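Colleague: Let me give you the structure first, and then I'll get to my questions.
Throughout, read-outs are computed from the coordinates displayed, never taken from laboratory work. Predicted model, so just to flag it, every value in this text is computed and none were measured. Counting neighbours? That spans all protein chains shown, and the Cβs are built from the backbone with ideal geometry, glycine included.
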Amino acid sequence: MRIQTALFALVVMSGACMPALAVSTQDEIRQLEADINAAYAKNDLPKYFSYYADDFRGIFPDGPVTLANYRKDWSASVKAGNILVAFTYNDMQIQVAPGDNAAVASYRATARMQYVGKPPVDERYFETDVFFKRAGVWKLVEVHYSPVAGKQ
């Protein structure tokens with residue numbers, strides 16, 4: 001009986017000491033997208049912009065932007081009362097570079113915007129986000145928004 005108890009204890013303890021299963025890079029990016037988009041949906045601009053790299057570049061329907069310009073313009077718009085009411089996304093595809101230090105996430109996004117003095121409007125985009133892992137931290141280095149044509 002003592003041998004069985006000792007063996008059982010050994011099996012239980014060895015399982016407790018085993019490292020947790022590694023999270024895949026795709027899972028990391030999927031969670032990062034969820035976190036970024038949650039901050040965006042809450043209009044939590046300090047948290048939202050914390051995910052961006054200093055050398056970020058955005059390709060938006062109105063043209064390219066730097067992080068400084070994007071932060072300034074979006075913050076001013078929200079401060080003026082133009083807020084994001086809801087944000088949803090689907091059809092996410094994630095591709096990871098062979099070295100696990102770069103990744104691309106693309107998806108369909110719908111931003112429900114409430115502009116001052118106007119009824120809410122749904123803005124639909126195809127979004128592509130490019131991430132680099134630098135010093136062990138994923139940062140968003142490039143975003144491209146393309147408006148969805150028609151009712152899709």
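Colleague: For region 64-79, check the following and say yes or no: at least one residue is closer than 16 Å to Gln31 by Cα and among the hydrophobic types (A, V, I, L, M, F, W, C).
Modeller: No, there is no match, as no residue in region 64-79 is closer than 16 Å to Gln31 by Cα and among the hydrophobic types (A, V, I, L, M, F, W, C).
Colleague: Based on this model, can you work out whether Ile59 counts as surrounded by fewer than 16 Cβ atoms within 10 Å (Cβ to Cβ) and of a type in the set (A, V, I, L, M, F, W, C)?
Modeller: Yes; evaluated as a whole, the condition is true for this residue.
Colleague: Of the numbered conditions (1) more than 13 Å from Glu28 (Cα to Cα); (2) without any contact (Cβ under 8 Å) to a residue 40 or more places away in the chain; (3) among the β-branched types (Val, Ile, Thr), Ile83 satisfies every one except a single condition; which is it?
Modeller: (2)
Colleague: State yes or no: is Val137 farther than 20 Å from Ala41 by Cα, of a type in the set (A, V, I, L, M) and exposed (fewer than 11 other Cβ atoms within 10 Å of the Cβ)?
Modeller: So Val137 fits the description; yes.
Colleague: Let me ask another. Would you pick out the residues in region 97-130 that are among the aliphatic types (A, V, I, L, M) and closer than 18 Å to Asp35 by Cβ?
Modeller: Ala103, Val104, Ala105, Ala109, Ala111, Val130 - these are the residues of region 97-130 that are among the aliphatic types (A, V, I, L, M) and closer than 18 Å to Asp35 by Cβ.
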